[in-house]
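A.B. asks: Supplied in structure tokens, the structure appears directly below.
The values are calculated or read from the model by the stated rules, or taken from the named source; none is laboratory data. Source: prediction; values computed, not measured. Cβ atoms come from the backbone with ideal geometry, glycine included; neighbour counts cover every protein chain shown. In case anyone asks, the SASA skips ligands and DNA or RNA and just uses the protein heavy atoms, side chains included. Shrake-Rupley method; radii C 1.70, N 1.55, O 1.52, S 1.80 Å.
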Amino acid sequence: MTAAMLVIGAIFEADLLENQYGFRPKVDAKMAVRRVFWHIRDHRRSEIVDADLRDYFTSIPHAPLMKCLTRRIADGRLLSMIKGWLTVAVIEKDGRRITRTAEARTKKRGTPQGSPLSPLLANLYFRRFLLAWRKHGHQDQLDAHIVNYADDFVICCRPGSSETAMARMQTLMNRLGLEVNDTKTRLARVPEDSVTFLGYTIGRFYGKGGQAFLGTRPSKKAVRRLLRQVHDRTTRQWYPDSPENTVAVINRFLRGWCGYFDQGPVVETYNLIRQYVDRRLRHWLVQRTGARGRGFNRYSQEYLHETLGLYRLPRARADVPRAKA
């Protein structure tokens with residue numbers, strides 16, 4: 001599959017649209033977030049259709065997907081091979097129990113789980129929706145612009161057009177054989193409402209002196225997920241592990257998280273995370289030795305950061321690495 005991906009990936013890359021940001025060279029999720037923010041702030045497309053598709057990767061119909069591929073691939077052997085990958089059985093092992101499912105073959109839907117080809121196939125099929133959105137005139141008529149990352153997408157609309165945009169989006173998705181998750185799809189009117197996209201919340205925030213501004217910030221869910229990772233890595237089961245190794249694992253969490261969440265006013269969030277990590281790590285160090293107390297005297301900031309090498313989160317905006325342009 002990897003060899004096939006290397007061959008056909010560059011071919012189909014030329015067909016993908018500029019508002020598709022998922023799993024492509026030279027673009028990333030943060031660029032998609034910035035594009036949404038650009039639509040809202042600079043072009044007043046402040047009504048957002050925050051859409052959700054139900055099980056997109058496992059719902060892509062095989063027949064129209066193969067049509068997408070035949071537009072560019074003339075080699076029948078390669079097409080036959082890809083079709084076989086689409087219907088291959090999935091084998092899952094849970095202890096001694098092995099489960100074999102052929103749901104993709106039965107339903108004739110879905111892309112291979114974990115395959116390097118799956119993201120490309122998902123992008124190709126989503127491209128059909130984006131082209132239809134433009135071809136039917138929805139983008140121009142409603143001034144409604146889509147920003148897409150894999151199976152995540154939002155529609156940025158001019159005020160008063162978001163309800164129509166959502167209805168037309170649902171109609172097109174039904175024609176493509178995809179299902180919109182109505183319980184998770186919503187309309188947001190920024191700045192009265194906020195919208196969360198790819199881990200960032202876009203909306204109205206307040207700076208020093210209570211001054212309101214429109215911006216982006218790591219979502220509460222993204223922060224909670226990071227803190228949960230740190231918590232779970234400093235529980236009783238990890239007492240036998242060395243402090244150095246535990247800190248190395250936590251550092252990977254922090255560096256990865258901060259490497260992605262480095263846009264907008266993030267310093268306040270970094271401060272919250274820093275306080276939690278310092279407190280949680282001290283608690284773990286104290287508990288694993290059977291001692292009492294909170295460990296502030298025994299495990300100083302210098303010990304945590306200089307001796308153990310705990311990652312230092314930036315304390316000022318100037319210290320935050322600049323986001324990718």
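A.B. asks: Among the residues that make up region 5-25, is at least one of them without any contact (Cβ under 8 Å) to a residue 60 or more places away in the chain, in a helix (DSSP H, G or I), in contact with a helix residue (DSSP H, G or I) (Cβ under 6 Å, 6 or more places away or on another chain) and closer than 26 Å to Leu172 by Cα?
C.D. replies: Looking for residues that are without any contact (Cβ under 8 Å) to a residue 60 or more places away in the chain, in a helix (DSSP H, G or I), in contact with a helix residue (DSSP H, G or I) (Cβ under 6 Å, 6 or more places away or on another chain) and closer than 26 Å to Leu172 by Cα, one finds none in region 5-25, hence no.
A.B. asks: Starting from residues that are part of a loop (DSSP other than H, G, I, E, B) and farther than 29 Å from Lys67 by Cβ, keep the ones in region 156-183 and report whichever is least open to solvent (accessible area, probe 1.4 Å).
C.D. replies: Quick first cut of region 156-183, residues part of a loop (DSSP other than H, G, I, E, B) only: 158-161, 176-179, 181-183.
So of that shortlist, the ones also farther than 29 Å from Lys67 by Cβ come out as 158-161, 183.
Details: Arg158: 93, Pro159: 82, Gly160: 68, Ser161: 5, Thr183: 126 Å².
Filtering first and then ranking leaves Ser161.
A.B. asks: A further question on this structure: Out of Asp262, Asp241, which single residue is assigned to a loop (DSSP other than H, G, I, E, B), closer than 30 Å to Trp284 by Cα, touching a residue at least 60 places away in the same chain (Cβ under 8 Å) and open to solvent by less than 70 Å² (accessible area, probe 1.4 Å)?
C.D. replies: Checking each option against the conditions leaves just Asp262.
A.B. asks: Out of everything in region 143-155 that is under 21 Å from the mean Cα position of the chain (by Cα) and either open to solvent by 10 Å² or more (accessible area, probe 1.4 Å) or among the basic types (Lys, Arg) (or both), what residue ends up being farthest from Thr216 (Cα to Cα)?
C.D. replies: Filtering first and then ranking leaves Asp151.
A.B. asks: Scan Leu308, Leu272 and give me the residue that is touching a residue at least 24 places away in the same chain (Cβ under 8 Å) and open to solvent by less than 20 Å² (accessible area, probe 1.4 Å).
C.D. replies: From the options Leu308, Leu272, the qualifying one is Leu308.
A.B. asks: From Arg217, Arg158, Arg168, Arg128, grab the single residue that is in contact (Cβ under 8 Å) with a residue 12 or more places away in the chain, more than 29 Å from Ser59 (Cα to Cα) and over 18 Å from the mean Cα position of the chain (by Cα).
C.D. replies: Unique residue meeting the criteria: Arg158.
A.B. asks: Okay, moving on. Anything in region 275-288 that is open to solvent by 10 Å² or more (accessible area, probe 1.4 Å) and within 25 Å of the chain's Cα centre (by Cα)? List them, or say none.
C.D. replies: Going through region 275-288, the residues open to solvent by 10 Å² or more (accessible area, probe 1.4 Å) turn out to be 275-276, 278-280, 282-283, 287-288.
The one that is open to solvent by 10 Å² or more (accessible area, probe 1.4 Å) and within 25 Å of the chain's Cα centre (by Cα): Tyr276.
A.B. asks: Out of (1) closer than 30 Å to Trp38 by Cα; (2) open to solvent by less than 50 Å² (accessible area, probe 1.4 Å); (3) under 23 Å from the mean Cα position of the chain (by Cα), the odd one out for Val230 is which?
C.D. replies: Only one criterion in (1) closer than 30 Å to Trp38 by Cα; (2) open to solvent by less than 50 Å² (accessible area, probe 1.4 Å); (3) under 23 Å from the mean Cα position of the chain (by Cα) is unmet by Val230, namely (1).
A.B. asks: Go through region 291-304 residue by residue and tally those that are open to solvent by 50 Å² or more (accessible area, probe 1.4 Å), assigned to a loop (DSSP other than H, G, I, E, B) and modelled with pLDDT of 90 or more.
C.D. replies: 1
A.B. asks: Does region 106-113 contain at least one residue that is assigned to a helix (DSSP H, G or I), open to solvent by 40 Å² or more (accessible area, probe 1.4 Å) and not small (Gly, Ala, Ser)?
C.D. replies: Checked against the condition, which is being assigned to a helix (DSSP H, G or I), open to solvent by 40 Å² or more (accessible area, probe 1.4 Å) and not small (Gly, Ala, Ser), region 106-113 yields at least one hit.
A.B. asks: Can you name every residue in region 44-61 that is outside any strand (DSSP E or B) and either crowded, with 18+ Cβ neighbours inside 10 Å or among the hydroxyl-bearing types (Ser, Thr, Tyr) (or both)?
C.D. replies: Arg45, Ser46, Tyr56, Phe57, Thr58, Ser59, Ile60
A.B. asks: Kindly provide the set of residues from region 12-25 that are closer than 22 Å to Leu78 by Cα and surrounded by fewer than 11 Cβ atoms within 10 Å (Cβ to Cβ), ordered by number.
C.D. replies: Ala14
A.B. asks: Another question about this same structure. Can you tell me which residue is surrounded by the most Cβ atoms within 10 Å (Cβ to Cβ) among those in region 185-204 that are within 16 Å of the chain's Cα centre (by Cα) and of a type outside the set (Gly, Ala, Ser)?
C.D. replies: Ile202
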